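This report refers to the structure that appears directly beneath it.
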Amino acid sequence: MDAARAALAGDARFHFARRLITRPAMAGAEDHDSCSQIEFEAAVARGEMALNWGAHGLTYGIPAAELSGIACGQAVIVNISRGVIPVAERLAGRVTVVNITAPNAVLAKRLAARGRESEVDIAARLAREAPLRTQSAELVTIQNDRTVAAAAAEFVAVLRGLAVGVGEPELNRL
């Protein structure tokens, strides 16, 4: 995501939604907004979250304000759980799910390098079956078992392809 965000910086056709997570900011981790669980639940209760889910002992969400560009046809890129794809499909006229995946051995190595989870937690995460289901969304899969630059270039190419016609409100995207 960071590589794609950098490659598309300054291109008004795209907006990378910022997530709200109940995890403090950490060097080398995703740039996100942090809050406590109580603050997160209050934001949900006030209707401020368009999408929210729990995973890995944390709560994640996409504030509704982050999706405002959809109304004017901007391509809004969100990093979400597979479980909230049905909700995302109801939020925009057109949704494309970009499934970025890699073999478990590659994922295990990358997760261990982040240093945020124990070996047991990583094994449990990789053993968890997380089916990818869509109803109306187009599905694009990127195999991320190579360099970050190569996978990011493919992701950016997919995003640029989605931006054709951006600016026309009837082509809302998420």
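Values computed for the structure shown
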{"read-out": "Highest to lowest packing among 111-123, 89-101, scored as the average C-beta count within 10 Å", "value": "89-101, 111-123"}
{"read-out": "The chain: C-alpha gyration tensor shape, a/c 1.5 cut-off, then a/b vs b/c", "value": "oblate"}
{"read-out": "Added length on full extension, which subtracts the Cα-Cα distance from 0.36 nm per residue, residue 6 to residue 126", "value": "40.3 nm"}
{"read-out": "Percent antiparallel among DSSP beta bridges (both partners in the chain, rounded to 5)", "value": "40"}
{"read-out": "Segment residue 65-residue 158, extension gain: residue separation times 0.36 nm, minus the distance between their alpha carbons", "value": "31.0 nm"}
{"read-out": "Dipole of the chain [Lys/Arg +1, Asp/Glu -1 at C-beta], most positive-end residue of 32, 142, 69", "value": "142"}
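Every number in this text was worked out from the coordinates using simple rules, so none of it is lab data. The structure presented is a predicted model; accordingly, all values stated were derived computationally and were not measured. All Cβ positions, even for glycine, are placed from backbone atoms using ideal geometry, and neighbour counts span all protein chains on display.
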